[in-house]
Every structure is written in C-alpha cells, then in structure tokens.
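The values are calculated or read from the model by the stated rules, or taken from the named source; none is laboratory data. Predicted model only: the values in this text are computed from it and were never measured. When we count neighbours, we look across all protein chains shown, and the Cβ atoms used for this are built from the backbone with ideal geometry, even at glycine.
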Amino acid sequence: MEFASPPPPSIALERREDGSIIARSPLPLGPVPQSLAHLFDEQAARAPDAVFMRQRAANGGWRSIGYGEARRAADGLAQWLIDRGLGFGDTVSFLSEPSIEHGIAAIGVQRSGAAIAPVSVAYSLLSQDHAQLHQCVSVVGAKVVIVDDAERYAAALRAVAPLGVTIVAASGRVDGLDIVPWAEVIATAPRHGVTERMNAIRPDHIARIIYTSGSTGSPKATPQPHANLNITIAQNRALGLLDFGGEAPQILEAMPFSHIMAGNFNFNNTIAAGGTVWIDDGKPTPELFGRTIANLRDVAPSYFITVPLGYTMLCQALEADAQLNRHFFSRLKFLGFGGAVLSEDVRDRLIALSIEARGAAVPIFSFYGATEYLFGTLKYWAGGGTDVIGLPLPATDLKLVPTGDRYELRVKGPTLMPRSGYIGAPAASASLFDEEGYFHTGDAVRFADPDEPRAGLVFAGRLSEDFKLDSGTYVTVEALRQALLAACGDLVSEAVVCGLNQPYPAALLWLKNPGAAVGARERIADAIRAFNRTQGGTARRIGAALILDEPASFEAGEITVKGNIAQRVVRERRARDVARLYADAPDDAVMLFDDAGQPAPKTVAAR
C-alpha cells in the first residue's frame, strides 16, 4: 500500500540574549474540526455502516458497532444526561477499560455539553482503600459514574456511592446500590436538545478530563477543552499521519482511555480518519501478551503504538512466525512508541522484520507529551537515534532554557491546559507556568546534533529527579538509570538512583526473577563493576547497590498508573534502605564499589 510521506523535519529557532531558545514548527495546521462530536457526525453521515469499534465477545468472537448505530446510542446518552440537568461545566466519570460502551460514552457525554473523565482502572481494581479513586471522582464533582461490569467494580462503586453519584452499568448489579442499566440509558429518545447543545459547544468548553499519572504525587485532574482535542487532530493532519491511502485505518488498542495516547491520539485520530478501533484485551506482560498476538492474527493494524517492552515481545512473536509477520506489516504505515527509550537492538529487529515482510522498512516514530499539553514533540521521520523525541508540532512553541549542558523544556500552544490549572488543586497549579505562559514540563532535553537542529531533540531526564552530590556535581538520574539497567541486562527489572548530598550515586534494585536472588547478586555486582569501569566521573559511577525484597507498591504511590516507578516516592518511602547504602558500616546485603570498580571493604567504602 502506498502512503503519502510526512513532510521532512523542519524547525525555526529564535535565539535570545539570555541563552534561551524558542523553537517552532514552520508547518501550517491542517483543517480544525468544530468538535470531536461534530467530526463523529460527519463520519456517521458519510458511512453509517462503517465499523466504529470492535471488541471480543464472551464467545471469543468479535462484537462490533457501526458509526451510525454508535451515533444513535450517543444521542440517547446525551439526552438522558440533559434530562437530568447535566451540561456545560458538569462531569461524567468512566471507571472501566476501553470498550464499545466507553467509546459511545466519550462521544455522548460531549454531545450533552458535559465532560468525560476516564479514571485509571488501577484505582478501582488494584487499590484496597480506593482513596485515589474517591479523589478523582470527587475533585471534578462527577454527577454520574459509568462502568461496564458492576459486579467486577462493586468495591469501587461502593467507595464512590457516598458522593451521591448516579451509577450506570452495562451489566451486573450490586446489593444495596441503585444502578441504572446502560441499555435503558442509550435507548432514551433524543430530542432537539442534543442538537442545541452541540451547536452551543465553544472551543474553551471542557470536553475531557485526564488525570496525571501520579509520578509527582497524587493524580491531578487536568481539563482538556474542545480546542485541545481539535488542534491535536489538525496537527496530525498537517504531518500526514491521517492519510492512509484512501483506506479506513484499523488500530488495535490495548492502552487505557485514561491516557493521552489512547484517549486522545488514537481514539480521536481514528474517528477523524473514519477508521475502526479494535479493543485489545492483551497487555505487554508475559501473562497477557499472548492475547495481543491472537488479536493481531485477526486485524492487520494501519499503525501500531506500544511501549518499548511491548516491542521486545512483539519481535519474539514475529520472528517465530513468518505468516504473522507478513500479516502484521501488510497495511502498516508506521510504528510508534513513547514513555521510555526503545533499544537500538529492538529497533533494528523491527526494521529487519518489516523488510522481510514487505521489502521495505516501516518508519518508527517516537512521541513525547504529557497530560497538561498532550503532545509537545513528535519524531515523524525515519532515521536518527531511538532517544530522539522529535521536533515541535505545528502551532506548539517550545522554550529551551539553559541548565548546565542541557535545556529545561517549556511548552506553550493551543493544546495546553487552561491557565487556571488543575481542577481543585490551586497549590499544585500555582507555579505551572512561567511569566510568558509557558508550561514547566520539568523535563530536560538536548539537541541530538547541536549543529543540525532538524535532527531533533533528545530527552535528557526529569529535572525534579536530578540531584547534586556533596561535591556539588549533578547526577542526571534518568540517563544513569537507563545506562545501569542496560548494563544489568535481564537481571534487574527496575532501579532507583539515590545520592542527594552524598559522596556518590547508589541504587535500589528490583530483580526480574526474585526467586533467583542468590545467584543474581554476584552477577549484578560483576555487571556494575564492569559498568563503572566504562564511566568517567563520580556522577556516573554506582558506589553502592541494594536488592530490595519488598515489591514496589502501587497503593503507596511507588508505581504510577502507567506502570512506571516514581523515583522520588520510592526514595522517601524507603529512606531506611537509602540510609543503608551510605552507612558507615553497611550490612552484608549492601554491595559496595570503589572508584576503580573493584569491591570495597565491608566496612567504610573506599572512595
């Protein structure tokens, strides 16, 4: 299949006297829709029988819904909400995974004028006290809560019921709770009120509320006006990412709608292109990735986006099955990733697999963004390193403020959250923006090639996670963490870098195979010694390491809803373990290393 190529990478720079740089894209925006709900109507009118979403049924087959039928259901939901007094300024929370019902709700709630707030499933199903769920629902003043399966979410529903919400469920009942059946809601006959509400939608009305992942504290409710969603679609049109050679795109969606990649990029863009969202009941985990592979045998995606770990698993499956490999790449326009760096080995394997499948390499794009401003940069061209996060999108301005040998990254543009900040969190919102209205991302970047800005920007760590040693030397935590994990290979699943005001960096480690702790310890020690010998400077050498027995806790905030480790939270919660790394007489569990990369004495570490 022939696709129109994205434009070549381009950037315009404004260098200021204070050393800061304003970076912009010279590309114009594509057409901007009035709202996602209006765009959905256009697709429903153009091709009412075209499939909007597919989802696995109980019998193992696929159940589906067309654009026309989905629009009728969304109108029913909108009218039901309007009849209950909901409209602009009101919020509906959705607690479940991606589903056909969730897709209808995302459109129907917006048609009523209200905003939809998808809440991470982890807060409902993994939490024991449901404190974060309660916060997410209460802070936005949600009047309605929707779930797919009331029985599965019974504990979560009991936790939010005291807030006075009306509960809607696609199936199931819970003793003691009044639950409105989903089928009854969407069967509501729409009247002229729905059309009036849609015609009254303004760009600054809130369409969706997405919660931050919790990596920097409790999840915060981030309002996303209709303009934000519309401009994101226009940006992708400008880059040619919605051109699929005249074919309706097919995507397999495993990510939750509570994240911007699934809830904003994939969902909105698929609607804009008149495509189909296939719900993937698998995940990039050893236990569930087999389901993803089974689903990929049924759908050849038009593009595919997952985390780097998912691509490692995908390579293994495609290398073992030539027929699946040909099927997977048969209509693929691009691969995409975000959230972490894709290893060069996995990139090379993906390229080789695509060449084997269809004689040409499929481009691999990287995405960089955040809940507060959606997508700031995108690497939309082939080539370059896997650490490149791209260039600014059309209409998005970046301010690069020098900090050492890096730049602090700030973002401004029409996809940025309102200046009012997070909902119900004035203290957390007070310092979000600088004097020019740029959002402080807290991230650092570098130019991949200082002499050629079009080569893109490279992510260079979280400034809030970096620290100084007692010598005044900065430790760039993310770069050191990534390098350490690479050095430890398949032994270590995650590392937390410590060392604020200490003489050397140290690490708290979790094993990939906790049952092999005895044999793994010496192999990890050897790996760290070899790693230290290749590093120049104390800020890049690990002086001590400790393997943790207790898994990271989601309940305590050590794991974010994206599955990432919250470095600061771990260091604070496990302050005793951090102290063990720097004790005058460390216990036997602590591995110590001297500057030459050799084992240090078991008393005071030689430095």
* Which residue, of 351, 355, is assigned to a helix (DSSP H, G or I), in contact with a strand residue (DSSP E or B) (Cβ under 9 Å, 6 or more places away or on another chain), modelled with pLDDT of 95 or more and β-branched (Val, Ile, Thr)? -> 351
* To do: Determine, yes or no, whether residue 277 is surrounded by 19 or more Cβ atoms within 10 Å (Cβ to Cβ) and more than 17 Å from the chain's Cα centre (by Cα).
  => yes
* **Which numbered condition residue 481 fails, given (1) modelled with pLDDT of 95 or more; (2) within 29 Å of residue 363 (Cβ to Cβ); (3) crowded, with 20+ Cβ neighbours inside 10 Å** => (1)
* To do: Output the number of the condition that residue 400 fails; it satisfies all remaining conditions of (1) more than 22 Å from the chain's Cα centre (by Cα); (2) buried (at least 20 other Cβ atoms within 10 Å of the Cβ); (3) modelled with pLDDT under 95.
  => (3)
* **Unmet requirement for residue 338, which otherwise passes all of (1) closer than 22 Å to residue 249 by Cα; (2) out of contact with any Ser or Thr (no Cβ under 9 Å at 6 or more places or on another chain)** => (2)
* Structure fact -> Taking region 43-64 and keeping only residues that are exposed (fewer than 10 other Cβ atoms within 10 Å of the Cβ) and touching a residue at least 12 places away in the same chain (Cβ under 8 Å), one is left with 49
* Structure fact -> Picked from region 324-346 (must be modelled with pLDDT under 95 and in a helix (DSSP H, G or I)), the residue nearest to residue 410 (Cα to Cα) is 344
* To do: Identify the single condition in (1) exposed (fewer than 15 other Cβ atoms within 10 Å of the Cβ); (2) touching a strand residue (DSSP E or B) at 6+ places or on another chain (Cβ under 9 Å); (3) without any contact (Cβ under 8 Å) to a residue 40 or more places away in the chain that residue 405 does not satisfy, given that it satisfies every other one.
  => (3)
* Structure fact -> All-but-one check, residue 86 against (1) assigned to a loop (DSSP other than H, G, I, E, B); (2) over 19 Å from residue 204 (Cβ atoms); (3) among the hydrophobic types (A, V, I, L, M, F, W, C), failing number (2)
* Structure fact -> The residue from 456, 376 that alone is crowded, with 22+ Cβ neighbours inside 10 Å, outside the structural domain of residue 89 (by TED's automatic domain parsing), within 20 Å of the chain's Cα centre (by Cα) and modelled with pLDDT of 90 or more is 376
* Filtered residue count, region 145-166, keeping only those that are over 25 Å from the mean Cα position of the chain (by Cα) and acidic (Asp, Glu) -> 1
* **Count - residues of region 20-41 that are surrounded by fewer than 15 Cβ atoms within 10 Å (Cβ to Cβ) and at pLDDT 95 or above** => 1
* Filter region 531-566 for residues that are hydroxyl-bearing (Ser, Thr, Tyr) and either surrounded by fewer than 19 Cβ atoms within 10 Å (Cβ to Cβ) or not in a loop (DSSP other than H, G, I, E, B) (or both) and give the result. => 534, 538, 553
* Which of the strands (runs of 3 or more DSSP E) contained wholly in region 374-433 include at least 1 residues that are among the acidic types (Asp, Glu)? -> 397-403, 406-412
* Would you mind finding the one in 295, 269, 264 that is surrounded by fewer than 22 Cβ atoms within 10 Å (Cβ to Cβ) and either under 23 Å from residue 35 (Cα atoms) or of a type in the set (Ser, Thr, Tyr) (or both)? => 269
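Listed here are the residues, each with its yes/no results for (1) over 32 Å from the mean Cα position of the chain (by Cα); (2) closer than 19 Å to residue 593 by Cβ; (3) assigned to a strand (DSSP E or B); (4) in the same structural domain as residue 559 (by TED's automatic domain parsing).
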{"site": "486", "(1), (2), (3), (4)": "no, yes, no, yes"}
{"site": "489", "(1), (2), (3), (4)": "no, yes, no, yes"}
{"site": "493", "(1), (2), (3), (4)": "no, no, yes, yes"}
{"site": "497", "(1), (2), (3), (4)": "no, yes, yes, yes"}
{"site": "515", "(1), (2), (3), (4)": "no, no, no, yes"}
{"site": "518", "(1), (2), (3), (4)": "yes, no, no, yes"}
{"site": "521", "(1), (2), (3), (4)": "yes, yes, no, yes"}
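Matching residues to (1) of a type in the set (Asp, Glu); (2) over 25 Å from residue 425 (Cβ atoms); (3) buried (at least 20 other Cβ atoms within 10 Å of the Cβ):
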site: 114; (1), (2), (3): no, no, yes
site: 120; (1), (2), (3): no, no, yes
site: 134; (1), (2), (3): no, no, no
site: 140; (1), (2), (3): no, no, yes
site: 155; (1), (2), (3): no, yes, no
site: 158; (1), (2), (3): no, yes, no
site: 169; (1), (2), (3): no, yes, yes
* Search region 88-112 for residues being closer than 13 Å to residue 197 by Cβ and not hydrophobic (A, V, I, L, M, F, W, C), and hand back the single one that is surrounded by the most Cβ atoms within 10 Å (Cβ to Cβ). => 108
* To do: Select the strands (runs of 3 or more DSSP E) contained entirely in region 201-292, then report the ones holding at least 2 residues which are under 22 Å from residue 49 (Cβ atoms) and either modelled with pLDDT of 90 or more or of a type in the set (Lys, Arg) (or both).
  => 250-253, 276-279
* **Those residues of region 1-19 which are buried (at least 17 other Cβ atoms within 10 Å of the Cβ) and of a type in the set (Lys, Arg), in sequence order** => none
* **Members of region 468-478 found to be part of a strand (DSSP E or B) and surrounded by fewer than 18 Cβ atoms within 10 Å (Cβ to Cβ), listed by number** => 468, 474
* Asked: How many of the residues making up region 347-379 are within 22 Å of residue 414 (Cβ to Cβ) and either among the β-branched types (Val, Ile, Thr) or in contact with an Asp or Glu (Cβ under 8 Å, 6 or more places away or on another chain) (or both)?
  -> 2
* **Hey, residue 517 surrounded by fewer than 18 Cβ atoms within 10 Å (Cβ to Cβ), at pLDDT below 85, small (Gly, Ala, Ser) and within 22 Å of residue 579 (Cα to Cα) or not** => yes
* Answer yes or no as to whether residue 528 is of a type in the set (Val, Ile, Thr), within 33 Å of the chain's Cα centre (by Cα), part of a loop (DSSP other than H, G, I, E, B) and crowded, with 18+ Cβ neighbours inside 10 Å. => no
* If you check 527, 487, 545, which single one turns out to be closer than 18 Å to residue 570 by Cβ, touching a helix residue (DSSP H, G or I) at 6+ places or on another chain (Cβ under 9 Å) and at pLDDT 90 or above? -> 545
* To do: Would you mind finding the one in 169, 159 that is in a helix (DSSP H, G or I), without any contact (Cβ under 8 Å) to a residue 60 or more places away in the chain and of a type in the set (Gly, Ala, Ser)?
  => 159
